[in-house]
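Working notes for the structure below.
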Amino acid sequence: MTTTVLIEVEDEGMGIPAEELHKIYQRFYRGRKAKEQVKDGAGVGLYLARKIIEEQGGTIAAKRKAEKGMIFKVTLPLIIGE
């Protein structure tokens, strides 16, 4: 039997502007805010997360919060043995 697991991660960080959301899973992509604030990072975290999740048959989605921060939802298939 197969079911789905939902993992939801929410933060209160600087968020990602709506116009950049379609780019966040690109390899080496760093958002404008991250560059302006000289945040460390190579821009591969979300790219790798998406690749790993999709290889397992899952999905990842990002949503902006009203005030600040983001919500990431990951769904993964879970096979339940007999």
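Applying the condition of being over 12 Å from the mean Cα position of the chain (by Cα) and not hydrophobic (A, V, I, L, M, F, W, C) to segment 59-68 and asking which residue is nearest to residue 6 (Cα to Cα) yields 65.
Let's see how each residue does on (1) loosely packed, with under 10 Cβ neighbours inside 10 Å; (2) at pLDDT 90 or above; (3) assigned to a strand (DSSP E or B); (4) at positive phi:
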position	(1), (2), (3), (4)
15	no, no, no, yes
29	no, no, no, no
52	no, yes, no, no
60	no, yes, yes, no
78	no, yes, yes, no
82	yes, no, no, no
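The values are calculated or read from the model by the stated rules, or taken from the named source; none is laboratory data. Computed from a prediction, not measured in an experiment: that's the story for all the values here. In this analysis, Cβ positions are derived from the backbone assuming ideal geometry, glycine residues included, and neighbour counts consider all displayed protein chains.
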